[in-house]
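S.K.: Quick one: the structure is below, questions incoming.
Since every read-out is calculated from the coordinates, none of them should be taken as a lab result. Source: prediction; values computed, not measured. Backbone-built Cβ (ideal geometry, glycine too); neighbour counts: all protein chains shown.
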Amino acid sequence: MKCLICLTDMNQAISWQSLGKRQRYGYCADCEPKLKLITGPVCPDCGRHVSTGAMCHDCKERRGKSLSYNRSLYHYDGASKALLTLCKYRYHYHALTPLKREINQGFLQHYGKLKQATLVPVPVSTKRMEERLFNQAALIASLINRPALSLLDKHHTGKQALKTRQERLDLANPFYLTEGKSLPKGPIVLIDDVYTTGTTIHHAANVLKTAGISEIYSFTLAR
């Protein structure tokens with residue numbers, strides 16, 4: 001097995017239990033992302049780490065909501081930004097694969113009690129899919145042991161990373177229901193890579209709420 005970043009050969013111990021289950025992708029000790037799990041009290045709405053566990057300022061100011069709440073796995077800091085840059089902008093499809101166990105554990109911690117939950121990846125536009133060749137939200141959903149369903153499409157809006165905070169907040173809802181899809185029964189958990197202002201997640205939730213979904217949550221890799 002080679003390191004995903006530096007391509008150094010890494011020896012992997014083999015046992016009877018590991019035969020047939022050897023990982024194809026991983027990071028060496030020098031390149032392994034130093035991701036920080038979100039622990040302790042969080043805002044009950046968006047999942048941001050807060051010292052008191054009270055609702056954060058952004059959530060207090062949000063007018064109306066279709067989303068029950070968001071929970072995220074890692075702090076959105078230098079390490080997680082670098083990992084998502086590797087995945088999204090350097091087109092490294094397998095950059096998140098070694099995190100499968102942690103992603104599953106994080107999801108179960110927050111949503112393991114939801115019955116018949118369906119994962120809905122937040123889509124990218126057709127133009128972005130042509131450039132990137134994959135949707136990072138769908139990739140994250142594929143690492144979670146729950147059924148996933150594509151219910152939404154997206155108009156092209158340009159890269160979110162290039163927009164200011166206010167521009168993101170002012171963005172018109174770019175999402176719409178995929179034609180010909182039947183809505184699942186039970187709760188839906190939207191999946192995305194990062195929650196920053198929350199505009200993307202809440203826009204997607206609004207479309208699903210209008211369509212008749214009553215119980216909507218979200219889970220992102222970073223917050």
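S.K.: Straight-line reach from LYS185: which aspartates and glutamates have Cα under 13 Å away, leaving out those fewer than 8 places along the same chain?
M.R.: GLU215
S.K.: Please list 3J(HN,Hα) in residue order for the stretch 129-140, calculated via the Karplus relation 6.51 cos²θ - 1.76 cosθ + 1.60 where θ = phi - 60°; whole Hz, with x for glycine and proline.
M.R.: Residue by residue, the stretch 129-140 yields 5, 5, 6, 8, 6, 7, 9, 5, 5, 5, 4, 4 Hz.
S.K.: With contacts defined as alpha carbon pairs under 8 Å and 6 or more residues apart, what's the relative contact order of the chain in percent? Don't skip to the answer; put the middle values down first.
M.R.: On the way: 357 pairs, mean separation 48.8, N = 223.
Here the relative contact order equals 22 percent.
S.K.: Please work out how much length the chain gains when fully extended from GLU167 to SER51, using 0.36 nm per residue of separation minus the C-alpha to C-alpha distance, in nm with one decimal. Intermediate values should be presented prior to the final figure.
M.R.: Values: separation 116, 0.36 × 116 = 41.76 nm, distance 2.84 nm.
Result for the pair: 38.9 nm of gain on full extension.
S.K.: Could the peptides 202-214, 123-135 be put in order, highest first, of the mean number of other beta-carbon atoms found within 10 Å of their residues? Kindly include the intermediate steps, with their values, before the conclusion.
M.R.: Working: 202-214: 17.8, 123-135: 15.1.
So the peptides 202-214, 123-135, ranked by packing, come out 202-214, 123-135.
S.K.: Another one. Could you give P(r) for the stretch 89-203, binned at 5 Å from zero, as whole percent values over all Cα-Cα pairs?
M.R.: That works out to 2, 10, 19, 23, 21, 16, 9, 1, in percent per bin.
S.K.: With only Lys, Arg, Asp and Glu charged, each at its Cβ (+1 for the first two, -1 for the last two), find how big the charge dipole of the chain is about the Cα centre; round to the nearest 20 debye. Walk me through the intermediate numbers first.
M.R.: On the way: 32 positive and 17 negative charges, 47 e Å.
The dipole magnitude comes to about 220 debye.
S.K.: For the chain, what is the percent of antiparallel DSSP beta bridges, rounded to the nearest 5? Numbers along the way, then the final one.
M.R.: Working: 6 of 22 bridges.
Just about 25 percent of them are antiparallel.
S.K.: What do you get for trypsin sites (Lys or Arg not before Pro) in the stretch 52-95 restricted to DSSP loop and a cutoff of at most 11 other Cβ within 10 Å of the site's Cβ? All intermediate terms of the calculation are to be shown ahead of the outcome.
M.R.: Working: sites: LYS60, ARG62, ARG63, LYS65, ARG71, LYS81, LYS88, ARG90; in loops: ARG62, ARG63, LYS65, ARG90.
Qualifying residues, ordered by number: ARG63, ARG90.
S.K.: To continue, here is another question. Taking the Cβ of each residue in ASP77, ASP58 as the centre, tally the other Cβ atoms inside 10 Å and list the residues starting with the fewest.
M.R.: Working: ASP77 12, ASP58 16.
Starting with the residue having the fewest Cβ neighbours, the order is ASP77, ASP58.
S.K.: For the chain, build the charge dipole from Cβ charges (+1 Lys, Arg; -1 Asp, Glu) around the Cα centre, then report which of LEU114, CYS46, SER182 sits farthest towards its positive end.
M.R.: LEU114
S.K.: Please state the Cα pair-distance histogram of the stretch 20-111 with 5 angstrom bins from zero: what percent is in each bin?
M.R.: Bin by bin from 0 Å, the calculated values are 2, 11, 18, 20, 17, 14, 9, 5, 2, 1, 0.
S.K.: Given the -39500 (n - 2.57) contribution per DSSP H run of 4+ residues, what per-residue ellipticity at 222 nm results for the chain, rounded to the nearest 500 deg cm²/dmol? Show your work: numbers first, answer last.
M.R.: Values: 7 runs with 61 residues, N = 223.
Only helices count here, giving -7500 deg cm²/dmol.
S.K.: Using a 10 angstrom cutoff on alpha carbons, build the Gaussian network for the chain and name the most mobile of SER142, SER68, SER51.
M.R.: Its mean-square fluctuation being the largest, the pick is SER51.
S.K.: Oh, and also: So who's got an amide H within less than 5 Å of the one on SER72, skipping anything under 5 residues away but keeping other chains? H placed 1.01 Å off N, in plane.
M.R.: THR220
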